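Colleague: Mind looking over this structure? Questions follow.
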Amino acid sequence: MNRSKKIINIGLFVLFGIFAFLQLNDPDAWVWFAVYGFVSAICLYSSFKVIPKNILIAIIIGLLAYSVFHFSLFVTYLQTEHKEEIFGKMVYEKPYLEGSREFLGLLIAALGVFYVLRQKKK
């Protein structure tokens with residue numbers, strides 16, 4: 001693996017590690033810490049060792065499958081007038097905000113693993 005890919009992988013490792021750390025104040029912190037921590041570890045590990053393609057594909061499918069549970073909340077969010085609320089605090093009367101954040105987070109995690117997968121083709 002060339003130097004620039006290793007730098008990007010280590011950058012993704014740090015980024016997903018920060019995402020994992022920021023989840024520690026969430027009511028279901030262990031789930032999101034595990035998701036982001038796992039993707040972070042994949043990014044770091046892939047800088048030094050080859051991860052089999054079928055494992056990466058299975059992880060991507062798993063992340064996307066989990067995101068399906070949040071998709072309806074994301075659609076609800078898209079139908080609201082105040083899109084900026086997604087950047088605000090959690091409001092229990094608006095569960096679609098947290099569901100949308102979780103949906104987008106899972107897509108970002110899947111994209112991180114997809115980046116690792118695409119490296120194998122080049």
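Colleague: Would you count, across segment 3-119, every pair of lysines whose alpha carbons are under 29 angstrom apart, provided the pair is eight or more residues apart or spans two chains?
Modeller: The result is 5.
Colleague: Using alpha-carbon positions, what is the distance between the centroids of segment 1-27 and segment 82-122, in Å?
Modeller: A separation of 15 Å, based on Cα centres.
Colleague: Pick from Gly112, Gly11, Gly88: which is most flexible by mean-square fluctuation in a GNM of the chain where alpha carbon atoms under 10 Å apart are linked?
Modeller: Gly88
Colleague: Just flag the chymotrypsin sites (Phe, Trp or Tyr not before Pro) in segment 38-79 sitting in loop per DSSP whose Cβ has no more than 12 other Cβ atoms within 10 Å.
Modeller: Answer in residue order: Phe48.
Colleague: Quick one: plug the Kirkwood hydrodynamic radius of segment 3-119 (C-alpha pairs) into Stokes-Einstein at 10 °C, 1.306 mPa s, and report D in µm²/s.
Modeller: 106 µm²/s
Colleague: Also, quick follow-up: Quote the relative contact order of the chain in percent (integer), defining contacts as alpha-carbon pairs under 8 Å separated by 6+ residues.
Modeller: The value is 29 percent.
Colleague: Okay, next question. Give the residue list of trypsin sites (Lys or Arg not before Pro) in segment 3-93 that are DSSP loop and have at most 15 other beta-carbon atoms within 10 angstrom.
Modeller: Of the trypsin sites (Lys or Arg not before Pro), the ones in loops of segment 3-93 whose Cβ has at most 15 other Cβ atoms within 10 Å are Lys49, Lys89.
Colleague: Within a Cβ distance under 9 Å of Trp32, other residues only, what is the Lys/Arg minus Asp/Glu net charge?
Modeller: -3
Read the figures in this text as sums done on the coordinates, not as results from a lab. Everything numeric here is computed off the predicted structure, so don't read it as measured data. Please note: Cβ atoms are built from the backbone with ideal geometry, for glycine as well, and neighbour counts cover all protein chains shown.
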